[in-house]
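Questions regarding the structure given below will be posed in turn.
The values are calculated or read from the model by the stated rules, or taken from the named source; none is laboratory data. It should be emphasised that the depicted structure is a prediction, and the values quoted were computed from it without experimental measurement. Counting neighbours? That spans all protein chains shown, and the Cβs are built from the backbone with ideal geometry, glycine included. Just so you know, the surface numbers come from the protein's heavy atoms only, side chains and all, with ligands and any DNA or RNA stripped out. Shrake-Rupley method; radii C 1.70, N 1.55, O 1.52, S 1.80 Å.
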Amino acid sequence: LRPLRLRGRPRRAATALAAADQTLKEEASFVSMDELYIKSIHESRNQQKILEARMMDVATMAQSEVAKTGKALSRVSKIVDMYDTLVRSVTECEEAKEMAKGDDEMAELAREEAAELDGRIEEIRDELQLAMLPVDEEDDADKLIMEIRPGAGGDEAGLWANDMLEMYLKYFQAEGLSSKILTKEGDGGSKAVGASLSVSGEDVWAKLKHETGVHRVQRVPATESQGRVHTSTATVSVLPEIEETDIKIDESEFEFKACRASGPGGQNVNKVDSAVHAVHLPSGLAVFCMQERSQLANRKIAIRIIASKLAAADRAAKQAARADMKRSQVGSGQRSEKIRSYNYKENRVSDHRINTNFPLGTFLSGSLQDCVQLLRVKEQQGRLRELEASLKEMTPA
């Protein structure tokens, strides 16, 4: 008897699989979505059950694991809830269309309801596809480090870096983001020609990650006596900030050199060796920090910045195989590597990734929101293509 049962199991399994495939096709047809999406949604429902069970035993989990599991549960629950809402809306719409076949007053009301539901169904379907997009692991970051450095163009590049710093400070204020200058390199006066900032707030990564790259300016510099237009650049890099508790670097790997700061700050800053030049020997990364009044505080800031750079470099190395990695690299600061151009003569800003122009004055006053929103839409479109490709790869030939 045992061999007979063994021979029968594959047949029953094949029959069940065929029935499941037919159910999947019917379900996909009912909500007008590709079967690949429906499979992924079913997987999200299974993940939801597993994560809910795991969250019942938080006493045995580390705090960081609880937070990570909670975020994952929130994401898959959102997908499942949206899909259930979509199914209910499609069901109600089908019922309304059935009632609309008559010619009485109830049929007219049913037709209006069906039209409303059709529009809502499209919205839910679009929102669901966006919710299913691959997650940028840094989207949850609430704190980051932004670096602004002069690129090609000599002294004018330094002036342009300072203007960009002022532009971003206005943007932070408009968006309710908090910022603190960690390091600032100056020309001996009040102007900065390079800076590192700690920026924090809601959706800070999504609002700033697209600023990474080379920003080219075309204008007549204040230092130009002949009225000639110069072209220069500044580079911007954005990376998630590593918390002090997460820093795992041996301080013996650092070389610290104490020196005196320059610029305003009183006698303590100018007469005491409070500034720090830190070099991480294994990587060669170096940071000069003079913002705080004590050498110890400046050492801590330098370590934070270098730790964040090392973590970002590690993530970049792991993702180097991804085709879109080149778009997130800063480049060498050459004029040809620009992501955005600021043309003073024509009073426009051109973002070359979305081929769109914006008023220069509005942009420099910190109103970057329209550009940022368009870049986020472009990113979403790219992620949708990635999602569809990954779902197809999961489907057996």
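Highest first, please rank the peptides 233-241, 287-295 by the mean number of other Cβ atoms sitting within 10 Å of their residues.
Averaged packing, sorted descending, gives the order 233-241, 287-295.
In the neighborhood of Val220, defined by Cβ-to-Cβ distances under 14 Å, what is the net charge if each Lys or Arg adds +1 and each Asp or Glu adds -1?
-2
Ignoring ligands, DNA and RNA, please state the percent of accessible area on segment 36-182 from carbon and sulfur, probe 1.4 Å.
49 percent
So how do 374-381, 72-79, 61-68 stack up, highest first, on mean other-Cβ count within 10 Å?
Descending packing order for the listed peptides: 72-79, 374-381, 61-68.
Taking a 30 Å limit on the Cα-Cα distance, which of the listed pairs Lys49/Lys309; Lys49/Lys143; Lys170/Lys378; Lys71/Lys97; Lys184/Lys378 fall beyond it?
Lys49/Lys309; Lys49/Lys143; Lys71/Lys97; Lys184/Lys378
Extending each Cα 7 Å along its Cβ direction at Ser365 and His42, get the distance between those two points in nm, one decimal.
My value for the distance between the label points is 5.5 nm.
What shape does segment 23-143 take by its C-alpha gyration tensor, where a ≥ b ≥ c are the square roots of the eigenvalues and a/c under 1.5 counts as rounded, a/b above b/c as prolate, and the rest as oblate?
Verdict is prolate for segment 23-143.
Place a +1 charge on the Cβ of each Lys and Arg in segment 195-245 and a -1 charge on the Cβ of each Asp and Glu, then give the dipole magnitude about the Cα centre in debye, rounded to the nearest 20.
About 540 debye.
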